[in-house]
Amino acid sequence: MLEKMDIERLDAEAVNSQKQRQVLYAPRKKIFPKRASGGFRQFKWLVMAITLGIYYLVPWLRWDRGGYAPDQAVLIDIANRRFYFFFIEIWPQEFFYVAGLLVMAGLGLFLLTSTVGRAWCGYTCPQTVWVDLFLVVERAIEGDRNARIKLDKEPYSLRKLTLRTAKHGVWLLIAVATGGAWIFYFADAPTLLKDVFTGQAAFVAYCTIAVLTATTYVFGGLMREQVCTYMCPWPRIQAAMLDEASLTVTYNDWRGEPRSRHAKKSAAQGAVVGDCVDCNACVAACPMGIDIRDGQQLECITCALCIDACDGVMDKLGRERGLISYTTLNDYNANMALATAGGTQPIDPTRVRTADGKLATALQHISLASFLRPRTLLYAAFWSLIGVGLVYGLVTRERLDVNVLHDRNPQFIMLSDGSVRNGYTLKILNMIAKPRVMAVRIESLPQSSITIAGVEAQSDGAFLVPVEPDRLRSLKVFITQPRHASADQVQTFRFIIEDTQGPETKTYTATFQTPGSSK
Amino acid sequence: MHDPHKDSHLDELSGVSTTGHEWDGIKELNNPLPRWWVLTFYACIVWALGYTVFYPAWPLLTSATTGVLGYSSRADVRSELAVAEAGRSGYVAAIKAADMQQILADETLRTVATAAGNAAFKVNCIQCHGSGAQGSKGFPNLNDDDWLWGGTPQQILTTITHGVRAPEDADTHVSEMPAFADILKSEQIASVATFVADLPKGANSTETAAPGAEIFAQNCASCHGERGEGNQEMGAPNLADTLSLLADGEEAIAAQIRAPKHGVMPAWGGRLGDVTVKELAAYVYSLGGGK
């Protein structure tokens, strides 16, 4: 069966594996991940293209808001305290929508982790994406694993200096572009781009670029896997989220062990031989510097590149793919029990194969049922519930808001003719990007008269108040009532604020204080 | 860096190398700090030394080194204040150039002047007039519509600028009510006090019938008006309205007639300058009682 034995055995060392783990004050041992190719690598390229595309391009999307608001589709306007997202405009007091999105992101992460494991780490985490990007640059300039190891060991020469300078130069360019793209989310992108290059941009913009350039370069280029292992809380949290039905990248030692570097010879001698030929392809491909065959470990970000590496080897050997695969602990345990005769014997791969060498049908594989558990269904239900709630809130939210502050010092004023006056600060929020005229009047306060500073009353007693687009207008309102009309108790009445061009009306119940009422 | 695993002085119990120091058989373990920690520490030292060169740091006998950047937090405050001043300068110039009518007619100027006046009021005026400008006994309430010296914006401005009975200002409002204890008999004072106390109730019906009416017409009407409506030219209070500044009730009115008290307000024009008093006038006017 093992006729073709042209598998290259790599001299790879899993520098971060438990066995090799160093004391903390020892210098980091470098990792030179070998390029993997296969389905997961393809998928990662796709995810990288999408995520980087979103990050770099979104600030440049335009969205017409009718001239009164910025035309940038996604804009966090800190100076004016507005957040624009396509057709949605969020005011600071509506920030709970963002909080809701964060809760959904959290629950989504729980859902994702409990089903497909640390997929966030392996595919979409910015650290993973940018390290991947930096590795592409490194491979393009210095070559693949062996070339890089060789170059690293060489004494400094003109060639090494050139390659290293080129690599760090491109890294820095990417880092600057990364920091540069960030600021475009906070101001009009085309204007800011011009300002940045002409030295006109705000100091904070340059600061942000500098800081993000530094973090991108240091985290993505120099620190790499150390960020995940030592700095990031996710590995700890996500590990706690996993259970025996979550997918993890697993070395299926029930079919791989006993591993043998001379499988053909050993088999000929009648020894038990597993599928693993100990070629170290999985170790060489690992960007975290671990050996997945040691089992599930904290360092593993489940990027699945070892699966691609191993599948390539299995293909060459004419063996079934999946010696390393996404597997749940339940399936693994069941298959392991099969291989070890219920744990009583050492692993014998022949137990998981039929007489003609095919994998036994009794083996368990990924099934849809493992995704549908009470836990995942609950996560999904909560996630959807919050999502529906947010959408409902967004669709029905009001774009006209009113606040009335009663003067408290003094609460009322006696006038020379004996009447009583109360003062109010009326705040009208026009929360759309269009100018509107509001009609203001009061209701249910007998014999009262109302004046608003700077606004003339209409013949019907209402006040027409123009409010600028996306602005709050604050008005000083005085209401006077003859002494004999006040019943010496707190009277409640209503402010009615009506959009003269649209259907929106707001009512605010306020109180009128008199000398007798405030005892 | 020191590698403990290649050291010959290994402590048998812990497997950690020792420094070679020994006291009574107790050896000092050598657990070096992590490399990143040590590098950060050294970087901090370098940073600190650089900081002392660039910023004020080393104490001298009477002062401290100023640092090559010449930084000081006071200068920071000064420049921030200067920036704020510069930002306001356009409005300040506009308020300086405009009269009260123009300030109140322009929405932006009115808003700015009212806000600035509010700030100045909180510093200079609340000691007597109260934080809500509601006044107290002897100190006028600025919210209502009862004015001693007039409630138009210009009159308010004049009163603030020159004060009331302010000895330091030649143009200040001056008036003095005579002490009637020397002029009228005590019964006469009592009856005129009754008359004055009844004025707000509707003077028309009582004025001729009341015994105090004649005394009032002879002694008081020249300043307070025939029906007690007051005279803002001389700061004579309106006695016919329902508000009183100093005296509520017959007893208090009689006391005021016998030996009057007079309010005094400083002249603010010279202290605060043209612009600030205009802002104060705009604020007081915005309280709602202005004419």
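Could you give the size of the charge dipole of the range B:173-291 about its Cα centre, using +1 on the Cβ of each K and R and -1 on the Cβ of each D and E, expressed in debye and rounded to the nearest 20?
In total the dipole reaches around 320 debye.
Taking the Cα centre of the range B:106-226 as origin and charging only Cβ (+1 Lys, Arg; -1 Asp, Glu), how large is the dipole, in debye to the nearest 20?
Dipole of the range B:106-226, to the nearest 20 debye: 360 debye.
Could you give the nm distance between label points at residue B:246 and residue A:63, where each point is 7 Å from its Cα heading toward the beta carbon?
6.8
Could you pull the Rg and Dmax for the range A:3-140, using just the Cα atoms, both in Å?
So, for the range A:3-140, Rg and Dmax equal 22.0, 74 Å respectively.
Using 1/(1 + (r/R0)^6) with R0 = 35 angstrom and r between the beta carbons of residue A:397 and residue A:203, what's the FRET efficiency to the nearest 0.05?
About 0.45, to the nearest 0.05.
Output the relative contact order of chain B, whole-number percent, from Cα pairs under 8 angstrom with separation of 6+ residues.
21
Relative to the first principal axis of the alpha-carbon coordinates of chain A, what is the inclination of helix A:305-317, with its axis defined by its Cα atoms, in degrees from 0 to 90 and to the nearest 10?
The answer is roughly 30 degrees.
Tell me the label-point distance for the pair residue A:146, residue B:52, using the 7 Å Cα-to-Cβ offset, in nm and rounded to one decimal.
Calculated label separation equals 5.6 nm.
Which of B:151, A:69, A:27 sits closest to the plus end of the dipole of the protein assembly as shown, meaning its Cα is farthest towards the positive end, when Lys and Arg get +1 and Asp and Glu get -1 on the C-beta?
Most positive-ward Cα: A:27.
Cut-off 10 angstrom, C-alpha nodes, Gaussian network model of chain B. Which of B:94, B:57, B:236 fluctuates the most?
B:57
Using Cα centres only, tell me the gap between the range A:110-167 and the range A:266-338 in whole Å.
Their Cα centres are 22 Å away from one another.
Whose amide H sits under 5 Å from the amide H of residue B:145, counting only residues 5 or more places off or on another chain, with H placed in the peptide plane?
Here the answer is A:416, since their amide H atoms fall under 5 Å of that of residue B:145.
Please work out the Cα center distance from the range A:482-515 to the range B:247-266, rounded to the nearest Å.
39
Placing +1 on the Cβ of each Lys and Arg and -1 on the Cβ of each Asp and Glu in the protein assembly as shown, which of B:133, A:36, A:394 has its Cα farthest towards the positive end of the resulting dipole?
A:36
Give me the orientation-averaged projected area of the Cα convex hull of chain A, in nm², one decimal.
With every direction weighted equally, the projected area is 36.9 nm².
Taking 0.36 nm per residue of sequence separation and subtracting the Cα-Cα distance, how much length would be gained by fully extending the chain between residue B:39 and residue B:201, in nm to one decimal?
Result for the pair: 49.5 nm of gain on full extension.
Sequence gap at least 6, Cα distance under 8 Å: using those rules, report the relative contact order of chain A to the nearest whole percent.
This gives 15 percent for chain A.
What full-extension length gain, to one decimal in nm, is calculated for residue A:164 and residue A:405 as 0.36 nm per residue of separation minus the Cα-Cα distance?
80.2 nm
To the nearest Å, what is the center-to-center distance of the range B:152-201 and the range B:109-138, using C-alpha atoms only?
If we compute the Cα centre of each part, the gap is 24 Å.
At 7 Å along the Cα-to-beta-carbon direction for both residue B:258 and residue A:86, put a label point, then send me their distance in nm to one decimal.
Between residue B:258 and residue A:86, the label points sit 8.5 nm apart.
Would you mind checking the range A:311-344 for residues with the amide N under 18 Å from a putative spin-label position 7 Å along Cα→C-beta of residue A:243?
From the range A:311-344, the list is A:327-334.
Checking understanding here: applying a Kyte-Doolittle mean of at least 1.0 and a length along the axis of at least 24 Å (C-alpha), which whole DSSP H helices in chain B pass?
Helices passing the filter in chain B: B:35-54.
Return one number: the angle in degrees, 0 to 90 and rounded to the nearest 10, between the long axis of the Cα atoms of helix A:96-116 and the longest principal axis of the Cα atoms of chain A.
20
Considering only B:270, B:245, B:260, whose Cα is most displaced toward the positive end of the charge dipole of the range B:205-291, charges sitting on Cβ of Lys, Arg (+1) and Asp, Glu (-1)?
The residue sitting farthest along the positive end of the dipole is B:270.
In deg cm²/dmol, rounded to 500, what helix-only [θ] at 222 nm does chain A give when every DSSP H run of at least 4 residues adds -39500 (n - 2.57) and the total is split over its residues?
Only helices count here, giving -11500 deg cm²/dmol.
About the Cα centre of chain A, how large is the charge dipole given +1 on each Lys and Arg Cβ and -1 on each Asp and Glu Cβ? Please answer in debye to the nearest 20.
The calculated dipole for chain A is roughly 1200 debye.
Per DSSP H run of at least 4 residues, take -39500 (n - 2.57); add these up for chain B, divide by its residues and hand me the 222 nm value, nearest 500 deg cm²/dmol.
-14000 deg cm²/dmol
Ratio to report: Rg/Rh of the range B:149-234, with Cα atoms as the point set and Rh obtained by the Kirkwood method; give two decimals.
Radius of gyration relative to Kirkwood radius: 1.08.
Over the residues of the range B:31-86, compute the C-alpha Rg and express it relative to 2.2 N^0.38 Å.
1.71
Going by average Cβ density within 10 Å per residue, which order do the peptides B:266-274, B:43-51, A:157-165 take, highest to lowest?
Output ranking for B:266-274, B:43-51, A:157-165: B:266-274, A:157-165, B:43-51.
Restricting to lysines 8 or more places apart or on different chains, can you count the pairs in the range A:1-98 with Cα atoms under 24 Å from each other?
So the count of such lysine pairs works out to 6.
List, in the order given, every pair from A:476/B:137; B:137/B:185; A:476/B:96; B:261/B:291; A:476/B:291; B:137/B:261 whose Cα-Cα distance in the structure shown is over 18 Å.
The pairs that break the limit, which is 18 Å between Cα atoms, are A:476/B:137; B:137/B:185; A:476/B:96; B:261/B:291.
I'd like the orientation of helix A:203-215 relative to chain A: the angle between its Cα long axis and the longest Cα principal axis, in ° from 0 to 90, rounded to 10.
Approximately 20 degrees, to the nearest 10.
When the Karplus curve 6.51 cos²θ - 1.76 cosθ + 1.60 is applied with θ = phi - 60°, which whole-Hz ³J(HN,Hα) does each residue of the range B:263-270 get, with x for Gly and Pro?
My calculation for the range B:263-270 gives x, 10, 10, x, 8, 9, x, x Hz in order.
Would the range A:258-343 count as rounded, prolate or oblate if I go by the C-alpha gyration tensor, calling it rounded below 1.5 in a/c and otherwise prolate when a/b exceeds b/c, oblate otherwise?
Taking the square roots of the gyration eigenvalues as a ≥ b ≥ c, the range A:258-343 is oblate.
To make sure I understand, if each residue's beta carbon is the centre and we count other beta carbons within 10 Å, what order do A:264, A:153 fall in, fewest to most?
The fewest-first ordering by Cβ neighbours comes to A:153, A:264.
Each reported figure results from applying straightforward, stated rules to the coordinates on display, with no laboratory input. Keep in mind the model is a prediction, meaning the values are calculated, not measured. Because the Cβ atoms are built from the backbone with ideal geometry, glycine has one as well, and the counts that use them run over all protein chains shown.
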